[in-house]
Amino acid sequence: MRQNIVAGNWKMNNTLEEGIKLAKEVSALLEANKPNCKVVLGTPFIHLAEAVKAVNTDLVGISAQDCADKESGAYTGETSAAMIKSTGAEYVILGHSERRTYYGETNAILKDKTDLALANGLTPIFCIGEVLEEREANKQNEVCKTQIEEALFHLSADEFSKIVIAYEPVWAIGTGKVATPEQAQEIHAYIRSVIADKYGAEVADNTSILYGGSCKPSNAKELFANPDVDGGLIGGASLNAEDFNGIISAF
C-alpha cells in the first residue's frame, strides 16, 4: 500500500538554531497527536545531522533538499548522497523547479542524482511539473511525462518502487495560486497512468504522488481527498509548526 506523506521543504530558510527549534516543535506536536501519514522535514544541509537528533524519528523523517550528481571528489561546495546518508537523513528532494530553473538541472543530471541517492539508501522525492506557459498551452501532461521518462525510466521496477513523486504546478509555487482539486486529481491520475504503462498497475498503485503548490491548512483537506493525491510537498507553510501541523492533520 502506498504511503500518505506530508513533506516540508524549508528551502534556504532558518539558521541552525531556528531550524532545530522548528524541528523540535513539529516533533512535539506529532507526539501529542500521532499523525495519520508519514511526515518529512526537508532542511538545509547544515541542519541535517542536528535535525535527526532533534526529532522523534519514528514520527519524522529528515530530508536533504538536493544532492550532488557525483559520488565524491574535487567538487567544491557540493554535498554527496553518501554524506547526506551519514547524517541519518532518509530522504532527498530532487528536481525541484527552483533547482531546474536557477541552477540549470537537466533530466540527465537528475538521472545521475537519482542513481546515487538510491545507491546510498536514500528515498528520492522527485519533483516534476510545468510552468505557466506550458499549462496555458495544455502541455502539462507532455512535460511531466518527459521529465519522468528521461530521469527515472531507466530504473528497474524494484528501484522505481523506492521513488516518491512530487507534482509541482510551477505556476502555483509561492504565487498564492493553487491548482483546483479537480486539476490536481487529473494530473496525478495521468502521472500514475504513465507509471503504470511502464511498470504495471501494481507499481503505479504503490507509488506515492504528492502535490506541491501553495498547499496550506485551508485547502489541504480538499486536495488530499482526491484518490490520486497522496499528500503534499509543502513550502512556506512548513516554516511554521502550527501551520504545518494543520496540513498534516488533513489526513
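Laboratory data are not the source of any read-out in this text; all were calculated from the coordinates shown. Model, not experiment: these values are computed from the prediction. For neighbour counting, all protein chains shown are included, and Cβ atoms are generated from backbone atoms with ideal geometry for every residue, glycine included.
What is the calculated FRET efficiency for HIS154 to LYS221, with r their C-beta to C-beta distance and R₀ = 35 Å, to the nearest 0.05? Show your work: numbers first, answer last.
Values: r = 37 Å, r/R0 = 1.05.
Once the sixth-power term is evaluated, E becomes 0.40.
Could you list, in their original order, any pairs among LYS111/LYS221; LYS53/LYS113; LYS34/LYS216; LYS139/LYS177; LYS38/LYS216; LYS162/LYS198 whose Cα atoms are separated by more than 21 Å? Present the calculation step by step, with values, prior to reporting the outcome.
On the way: LYS111/LYS221 33 Å; LYS53/LYS113 26 Å; LYS34/LYS216 19 Å; LYS139/LYS177 19 Å; LYS38/LYS216 17 Å; LYS162/LYS198 15 Å.
Pairs exceeding 21 Å: LYS111/LYS221; LYS53/LYS113.
Which order, highest average first, do 40-51, 113-124 follow once you tally other Cβ atoms within 10 Å for each residue and take the mean per peptide? Can you show the working numbers first?
Values: 40-51: 22.8, 113-124: 20.7.
Result, highest mean first: 40-51, 113-124.
Which parts of the stretch 210-244 would a label at MET12 reach, counting a residue when its backbone N lies under 18 Å from a point 7 Å out along Cα-to-Cβ?
Only 235-236, 239 pass the distance filter.
Go ahead and run the numbers for FRET between GLN3 and LYS177, Cβ-Cβ distance against an R0 of 30 Å, rounding to 0.05.
My answer for the efficiency is 0.65.
In the set (1) 20.0; (2) 17.9; (3) 21.7, which value of Kirkwood radius over Cα pairs in Å was calculated from the structure you see?
Only one listed value fits the structure, namely (2).
Using amide H atoms built 1.01 Å from N in the peptide plane, name the residues 5+ places from GLY8, or on other chains, whose amide H lies under 5 Å from its own.
Those qualifying (amide H under 5 Å, at least 5 residues apart or on another chain) are VAL40, LEU41, GLY42, ILE234.
Report, ordered by chain and residue number, the aspartates and glutamates lying within cross-link reach of LYS70, taken as a straight Cα distance under 17 Å and ignoring same-chain residues fewer than 8 apart.
Output for LYS70: GLU78, GLU105, ASP112, ASP115.
For the stretch 5-248, what relative contact order do you get, as a whole percent, if you take Cα pairs closer than 8 Å and at least 6 residues apart?
20 percent
Compute the signed sum of charges (Lys and Arg +1, Asp and Glu -1) over the other residues within less than 11 Å, Cβ to Cβ, of VAL92.
Numbers: positive: LYS85, LYS113; negative: ASP66, GLU90.
Net of charged neighbours comes to 0.
For GLU31 and TYR75, compute 0.36 nm times the residue count separating them, minus their Cα-Cα distance, and round to one decimal in nm.
Numbers: separation 44, 0.36 × 44 = 15.84 nm, distance 3.99 nm.
Gain on extension, GLU31 to TYR75, equals 11.8 nm.
Test of the criteria: in the stretch 121-170, which trypsin sites (Lys or Arg not before Pro) are in a DSSP loop and have at most 13 other Cβ atoms within 10 angstrom of their Cβ?
Hits after loop and neighbour filter: nothing returned.
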